Amino acid sequence: MLHDALHADVLAALLVGHVPGLERLEIEARVEGNAAAFAAALRELSRLALPAPVAEHVSRSQALAEGYPGEARQLVQLIATDRKAGLAALPDFENQFKHVVLKVLDEQGGTVGDALKTAQAEAAEQADASRATLL
């Protein structure tokens, strides 16, 4: 998942200069690519024609997650230019990562899943009713 990839990019940035073959530009390119993919996935979600209750939950999840890719990008840059400051900023990023995982993926994801199941059941009922009137 992209939130994990961004988290890994930040942690990998800490290892540049300590692990042979791990290059700063490679990590910066990875975090840029993963941040762009994360943003694209959020945009794609907003384009889906979802039932109103599902769309509302998805929108709430998006709002909670939108800042995360930028934070990962900024922290990778900070680590590259000032490792000590990057290490000092790491606990805040870890808290944001936990927030994205717990609030967005677990809590909101469960809510979105429940709303999708309800919408699916309602659609099945409407299909059955339509089928009954046709027969």
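The values are calculated or read from the model by the stated rules, or taken from the named source; none is laboratory data. In this text the structure is predicted, and so the values were computed from the model without any measurement. Cβ: placed from backbone, ideal geometry, glycine included. Neighbour counts: every protein chain shown.
When the residues of region 49-67 are narrowed to those that are touching a helix residue (DSSP H, G or I) at 6+ places or on another chain (Cβ under 8 Å) and among the aliphatic types (A, V, I, L, M), which ends up surrounded by the most Cβ atoms within 10 Å (Cβ to Cβ)?
A65
Filter region 22-60 down to the residues that are small (G, A, S) and not in a helix (DSSP H, G or I) and list them by number.
Of everything in region 22-60, just one residue is small (G, A, S) and not in a helix (DSSP H, G or I), namely A49.
Restricting the search to region 44-103, which residues are of a type in the set (S, T, Y) and touching a His at 6+ places or on another chain (Cβ under 7 Å)?
Answer for region 44-103, where residues must be of a type in the set (S, T, Y) and touching a His at 6+ places or on another chain (Cβ under 7 Å): just Y68.
Can you tell me which residue is modelled with the highest pLDDT among those in region 43-74 that are under 29 Å from A88 (Cα atoms) and of a type in the set (A, V, I, L, M, F, W, C)?
A72
Kindly indicate which of G70, G86 is assigned to a helix (DSSP H, G or I) and crowded, with 16+ Cβ neighbours inside 10 Å.
G86
When you look at Q77, is it modelled with pLDDT of 65 or more and surrounded by 12 or more Cβ atoms within 10 Å (Cβ to Cβ), yes or no?
Spelling it out, Q77 is indeed modelled with pLDDT of 65 or more and surrounded by 12 or more Cβ atoms within 10 Å (Cβ to Cβ).
Looking only at region 12-43, count how many residues are without any contact (Cβ under 8 Å) to a residue 40 or more places away in the chain and crowded, with 17+ Cβ neighbours inside 10 Å.
Of the residues in that region, 6 qualify.
Just one of the numbered conditions (1) under 17 Å from F93 (Cα atoms); (2) surrounded by 16 or more Cβ atoms within 10 Å (Cβ to Cβ); (3) among the small types (G, A, S) is not true of A8; which one?
Every listed condition holds for A8 apart from (2).
Inspect all residues belonging to region 13-21 and state whether any of them is under 16 Å from E94 (Cα atoms), at pLDDT 90 or above and assigned to a helix (DSSP H, G or I).
yes
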